[in-house]
Amino acid sequence: MAGIQSNFDFLSSYCEPTFNIEKYQSKQTGMKLYHINVPLPLIKLEICVQTKPYDDTGCAHTLEHLIFMGSRNYPHQGYLDYITAQHYSLGTNAATYRDMTTYELTTVNHKSLSTLLPVYLDHIFHPLLLNNCFLTEVHHISGETGDDAGVVYSEMQASENQPDDILLYSILRDLWSDKSPYYYEAGGRLESIRNELTLDKIKIFHQKFYVPNNVAIILCGGGINIDEILEILNKFEQENFLQYDNRQKLSMGFSLNENQRKKTKLSDDNFPSIQIKSASFDESPTPPDTNKKVNLPSIDATKLSVRSNSYEANEPSFCDSELMVSHGESSTASSPGSILVTFETETSIGQRNMVEYKEVCYPVEDNEENLGQVAFGYRLESIYKMEIYTALDVLLTTLFDEDISIFYKEFIELPNTLCSLIDHDWFNYPERVLTITFEGVEIDNLTLVADKYSSVLYSILNSQIDSGQLYTQLQRNIRKKIESHLNEVEAEPFDFLTDLCCLDHVSELSAPYTDNDGEQRLHKFLQNQKYLESLLNRPILYWHELIKKYLLEWEPSKRTIILLKPSYELLTEQQG
């Protein structure tokens with residue numbers, strides 16, 4: 001803990017033999033600081049801004065690009081990269097997710113960090129947002145081919161028709177309503193980017209979200225003089241936010257008149273007030289529209305690494321050794337391009353369930369392509385129930401991820417294989433999202449796989465599958481995850497620990513803690529080993545209850561089944 005009088009309050013700390021984390025918050029602005037003291041030769045800076053899209057224009061992603069193109073005190077484009085290179089840093093990077101945007105750099109020592117930090121903050125809080133930069137990044141047209149060549153547009157275009165992205169997009173749109181930011185594409189959809197995105201809209205987005213109480217500064221490494229960092233931040237706040245009240249919204253320097261606001265089709269009602277603790281997204285999805293025509297859904301722009309001009313559809317994750325700190329939606333719009341179908345499945349205990357699923361198509365160039373995917377999506381409980389999620393991750397790994405797993409034997413190790421791969425993934429939002437995907441499924445077997453999934457789970461509950469063998473596999477996987485968790489913390493502390501702090505920051509804003517010990521929320525995310533060790537004493541009935549509650553009987557409005565099918569006709573239709 002720092003020993004100086006500071007405008008930042010010390011909130012909490014967490015200590016382990018190999019690292020410790022200190023958390024501070026500004027009394028004036030609400031801005032947070034995480035200091036991760038870990039004995040490493042380099043220092044990583046990550047600045048996390050909570051950003052929530054409320055349409056498909058891709059404001060968050062485009063703004064991420066424009067942040068690097070000059071600021072109020074450093075107006076020359078490229079200056080930030082130039083000065084980081086002068087200080088022997090590894091360069092800047094950034095990524096856009098559905099509920100946050102992160103900016104980072106890795107540097108060699110504290111002196112370089114103390115020089116670069118205020119420069120980076122000036123770019124984040126006071127970007128120039130020039131029209132020529134906006135046009136170049138988004139609406140640039142190649143003079144040689146006449147094709148769209150803007151970096152933002154091209155990144156999204158490259159991922160538009162990827163089957164994995166289409167599948168994830170469809171799942172998440174079924175799990176959230178259009179009142180939630182998780183319903184929308186952080187990177188934008190091509191039609192909205194081209195026809196609706198404007199610079200004025202981006203300026204309003206910056207005003208709403210790039211405010212101090214929405215920002216967390218995360219420092220990870222050794223040799224950081226935290227007292228000096230606090231002095232730098234005190235000075236920056238005094239120079240930039242002297243009159244700032246952290247309970248109010250703050251305009252960062254872009255003033256739009258009423259006519260400009262009307263042109264952007266945005267108003268204050270489109271965004272929630274930014275407060276230290278924002279409203280939770282606890283709304284119920286509306287029923288899907290069953291009469292929609294089959295069209296191609298948009299891509300899922302969950303991660304856009306702009307500085308390397310690359311796009312990744314998968315959100316960042318850590319799972320104990322996978323307990324994920326990954327960073328994902330349904331409404332009347334369901335997913336564009338889906339048909340709602342029902343089929344009846346009979347469980348092994350004589351119950352009959354009506355199962356609904358949606359067929360979604362993706363374009364293929366080969367008319368003979370006949371492999372699709374089956375995916376199950378669940379919108380589960382609060383992100384803070386990490387004990388449950390630790391147990392679920394062990395269970396899912398045991399059921400799906402091994403060559404000796406039950407589902408591997410029932411779906412893959414067959415004379416006529418039903419699928420080529422089974423995978424599960426987590427997405428960390430105020431309510432955690434789980435996806436379970438069967439890949440390489442022949443079109444004629446899609447409904448069979450969807451039906452057999454629940455049948456196999458019921459057979460476990462009915463002890464038609466050897467419970468003793470399952471319990472032995474669970475125990476082994478618990479021990480493996482304890483070991484891999486320790487290895488991950490030691491081998492990749494930068495990513496592991498900074499992701500944890502980002503999760504803590506965004507979760508605190510989006511889903512305020514309710515147990516009257518909010519200062520301990522970060523501790524819950526760091527107790528993975530403790531949770532794993534406690535699972536060694538759980539009986540087989542505990543694991544049966546997890547299967548029953550979360551995989552079979554979860555609230556219907558918060559789960560979905562998607563059948564992804566290849567379509568040559570769709571490609572032909574798109575090409576006109």
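The values are calculated or read from the model by the stated rules, or taken from the named source; none is laboratory data. Computed from a prediction, not measured in an experiment: that's the story for all the values here. FYI the Cβ positions are ideal-geometry reconstructions off the backbone, even for glycines, and counts take in every protein chain you see.
Sub-6 Å Cβ pairs linking a first residue in region 95-117 that is over 30 Å from Tyr183 (Cβ atoms) to a second residue that is of a type in the set (Phe, Trp, Tyr), at least 6 apart or interchain, are Val108/Tyr88, ordered by first then second residue. Looking at region 517-526, is at least one residue of a type outside the set (Ser, Thr, Tyr), under 27 Å from His505 (Cβ atoms) and over 25 Å from the mean Cα position of the chain (by Cα)? The answer is yes, given that some residue of region 517-526 is of a type outside the set (Ser, Thr, Tyr), under 27 Å from His505 (Cβ atoms) and over 25 Å from the mean Cα position of the chain (by Cα).
Which residues, counting only those in region 26-55, are out of contact with any Leu (no Cβ under 9 Å at 6 or more places or on another chain), at pLDDT below 95 and within 30 Å of Val152 (Cα to Cα)? Hits for region 26-55 are Lys52, Pro53.
Quick one: in region 468-487, of everything that is at pLDDT below 90 and surrounded by 14 or more Cβ atoms within 10 Å (Cβ to Cβ), which residue is nearest to the chain's Cα centre (by Cα)? Among those that are at pLDDT below 90 and surrounded by 14 or more Cβ atoms within 10 Å (Cβ to Cβ), it is His485. Within region 148-180, if we keep just the residues that are of a type in the set (D, E, K, R) and in contact with a Phe, Trp or Tyr (Cβ under 7 Å, 6 or more places away or on another chain), the residue that is surrounded by the fewest Cβ atoms within 10 Å (Cβ to Cβ) turns out to be Glu155.
Residue-level check: of (1) of a type outside the set (Asp, Glu); (2) out of contact with any helix residue (DSSP H, G or I) (no Cβ under 7 Å at 6 or more places or on another chain); (3) buried (at least 23 other Cβ atoms within 10 Å of the Cβ), Tyr183 misses just (2). Taken together, the residues in region 93-111 that are in contact with a helix residue (DSSP H, G or I) (Cβ under 6 Å, 6 or more places away or on another chain) and not basic (Lys, Arg) amount to 8. The residues on offer are Lys44, Lys111, and the sole one that is charged (D, E, K, R), in contact with a Gly (Cβ under 8 Å, 6 or more places away or on another chain) and not in a loop (DSSP other than H, G, I, E, B) is Lys44. Here Tyr14 meets the list (1) surrounded by fewer than 22 Cβ atoms within 10 Å (Cβ to Cβ); (2) within 30 Å of Leu129 (Cα to Cα) almost entirely, failing just condition (2). Annotation note: of Thr437, Thr498, the sole residue that is surrounded by 22 or more Cβ atoms within 10 Å (Cβ to Cβ) and at pLDDT 95 or above is Thr437. Within the set Thr62, Thr51, Thr57, the sole residue that is crowded, with 22+ Cβ neighbours inside 10 Å, among the β-branched types (Val, Ile, Thr), under 21 Å from the mean Cα position of the chain (by Cα) and assigned to a helix (DSSP H, G or I) turns out to be Thr62. Any residue at all in region 403-412 that is under 24 Å from Leu470 (Cβ atoms), surrounded by 20 or more Cβ atoms within 10 Å (Cβ to Cβ) and in contact with a Lys or Arg (Cβ under 8 Å, 6 or more places away or on another chain)? Within region 403-412 (the criterion being under 24 Å from Leu470 (Cβ atoms), surrounded by 20 or more Cβ atoms within 10 Å (Cβ to Cβ) and in contact with a Lys or Arg (Cβ under 8 Å, 6 or more places away or on another chain)), the answer is yes, since at least one residue qualifies. Where strands (runs of 3 or more DSSP E) sit wholly within region 369-451, those with at least 1 residues that are farther than 24 Å from Pro566 by Cα and basic (Lys, Arg) occupy 371-382, 431-442. When Lys32 is tested against (1) under 21 Å from the mean Cα position of the chain (by Cα); (2) closer than 30 Å to Glu191 by Cα, just one condition goes unmet, and that condition is (2).
The set of residues in region 476-487 being in contact with an Asp or Glu (Cβ under 8 Å, 6 or more places away or on another chain) and within 16 Å of Glu16 (Cα to Cα) consists of Ile482, His485. Tallying residues that are buried (at least 22 other Cβ atoms within 10 Å of the Cβ) and in a strand (DSSP E or B) within region 26-41 yields 6.
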